Amino acid sequence: MNIVTPSELKLGKAELNEAPWWKGAVIYHIYPRSYYDSNGDGIGDLRGVIEKLDYIASLGVDAIWLSPFFKSPQADFGYDISDYREIDPDFGTIEDFDDLVEEAHNLGLKIIIDQVYAHTSDEHAWFEESRQSKTNEKSDWYVWADPKVDGTPPNNWQSVFGGPAWEWDARRQQYYMHNFLKQQPQLNVHNPDVQKAIIEVMRFWMDRGVDGFRMDAINFAMHNRAMTDNPPSNKNFADVTRPFDMQKRIHNQSQPEIPLFMERIRSELNKYGEIFTVAEIGGDEALHEMRDYTYGNERLNSAYSFDFLDGPPISADKVRGTLGNWTGEKNEGWPSWAFENHDAPRAVSRWASPEKRWNAARNYMMVLLSLRGNAFIYQGEELGLPQGEVPFEHLKDPEAIANWPRTLGRDGARVPMPWVKDAPNAGFTTGTPWLPVDAKQAALAVDTQDGCSPCMLSFTRAAMGVRRKSDALTRGSMTFLDTHNSSVLAYMRRYEDEHYLCVFNFSDKHSHWNHHLGKGWKVVFSHDGMSDGWEVPHDLPGYSAFWAKLEK
């Protein structure tokens, strides 16, 4: 175990004081369709978010990220946008959005909105014009290609949701590309006119007061214009659920021109002040691309991957391996991290057995809030919600329906937020909810946890409060310690003379770890019975976690 001395724990005071608002922020992710329904139609809406702003502010978060609420035929529930500047009637009006921005700002909350630049809906006016001919003004705004001589698609690229990434269009007598649903044609973001149109959309929303953009599937935004076949991934077909995973996707995503487009975006956004940009990046090269897309001061501010959203359970090795890529070197960007979102099953259901979820949820929240980077908390994560159960006949997610029963799909993470335990539909709506409310989640509703000191909601607020008061936990450096135990993770967060020790037992059994920290370390926050002021323990109960501080 390395012994850390104060001389090693320095960061420049100017670096912290001059840091922008988003650096070290906690961002609350809302899937509006499932958050709160204000008008009884069974679908959450912008007015519903407004009605819950006091609750959101009470969590102690810095910003809200809203999944798409734009005009859409809802083939992929908002991620198939037919007009980037209009509000879908399901969610309200542009006046509702303006009110949301104003009231959120009055509470000190920033507003971040989703932007989907890899594709649009096939009902978007751009695509309707593009498909009319090979010579119209927008003919090159989407990815079109001629068939092979035998009439088959131009190459072997596969779509995320199953089947070829190509759909025949009789009007143009060509195939158009779609990385996702056939109703989501691929934008040709190589085209400078498309880039200009995208930037104009961003200006529209910045002029309405938004504080940032989350860029959906941004590493899908460009393709290899030579249309080269993807090589095989050599994965065992029995281990995957879709043909998409049988390829190394080096030609239909992750192209080297994408960071250059990020630079063009950043130069425009800088004219508006501190506008936050964060990329969603999936795939085998996600950690590399996170660094590439955020390198220096000319690209995006931050990025997050699916490292903690899929794959094996969280572990000490996984955290060290992932965070070890972010060392704070010159020109390095700033990472963001999420354990849950609208696309991934709930972390407590993926990582812990049902009987252990009470402590596991607290453990995971403490990890998320103490990692170096921004923390994204998904609605209901503050309640410790498990994955919702949705019977096949009620599924809405096209991916889940297409791959049933091999995938959990996304609906289980999108079931309505439970507000009142004993109210119809757990207080989400007075109508019929678009997805059924899960009874297990209803038992953990906000009204049952609000003001309950041992409950997950109170615990989350308390943990958030400790983080907000700490320069070390918010923006400090991070150093991993050798615990001599594969189940135990320990790291230091530090800024100038403030030093925090964060320790987690990822096992459901007691674990021992060796440390030689020296004197002065006192526990300041935990969830397993340790009192403030305790000495740092060597023995840790299952799923226990604590933060300790070096006293001056």
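The values are calculated or read from the model by the stated rules, or taken from the named source; none is laboratory data. The model shown is predicted, which means the values in this text are computed figures rather than measured ones. For neighbour counting, all protein chains shown are included, and Cβ atoms are generated from backbone atoms with ideal geometry for every residue, glycine included.
A few notes on this one:
- Qualifying residue in the stretch 80-94 (condition: at pLDDT 95 or above, under 20 Å from the mean Cα position of the chain (by Cα) and at positive phi): no
- The stretch 274-288 - residue that is over 16 Å from Phe220 (Cβ atoms), surrounded by fewer than 24 Cβ atoms within 10 Å (Cβ to Cβ) and in contact (Cβ under 8 Å) with a residue 40 or more places away in the chain and, of those, nearest to the chain's Cα centre (by Cα): Ile275
- Helices (runs of 4 or more DSSP H) (entirely within the stretch 339-409) containing at least 1 residues that are of a type in the set (Gly, Ala, Ser), under 19 Å from the mean Cα position of the chain (by Cα) and farther than 16 Å from Leu457 by Cβ: 347-351
- Picking from residues in the stretch 187-205 that are touching a helix residue (DSSP H, G or I) at 6+ places or on another chain (Cβ under 8 Å) and outside any helix (DSSP H, G or I), the one that is surrounded by the most Cβ atoms within 10 Å (Cβ to Cβ) is Leu187.
- Of the residues making up the stretch 292-312, those that are without any contact (Cβ under 8 Å) to a residue 60 or more places away in the chain and either surrounded by fewer than 17 Cβ atoms within 10 Å (Cβ to Cβ) or hydroxyl-bearing (Ser, Thr, Tyr) (or both) are Thr294, Tyr295, Gly296, Asn297, Glu298, Ser305, Phe306, Asp310, Gly311, Pro312.
- Answer residue from the stretch 339-384, given it is at pLDDT 95 or above and of a type in the set (Phe, Trp, Tyr) and is surrounded by the fewest Cβ atoms within 10 Å (Cβ to Cβ) among those: Trp351
- Test: residue in the stretch 98-116 that is at pLDDT 95 or above, closer than 30 Å to Trp168 by Cβ and small (Gly, Ala, Ser): no
- Condition met for Pro335 (closer than 20 Å to Leu435 by Cβ, in contact with a Leu (Cβ under 9 Å, 6 or more places away or on another chain) and of a type outside the set (D, E, K, R)): no
- Wholly enclosed strands (runs of 3 or more DSSP E) of the stretch 99-181 bearing at least 1 residues touching an Asp or Glu at 6+ places or on another chain (Cβ under 8 Å) and surrounded by 20 or more Cβ atoms within 10 Å (Cβ to Cβ): 110-116, 174-177
- Screening Asp482 with (1) over 28 Å from the mean Cα position of the chain (by Cα); (2) in a loop (DSSP other than H, G, I, E, B); (3) surrounded by 18 or more Cβ atoms within 10 Å (Cβ to Cβ) gives one miss only, at (3).
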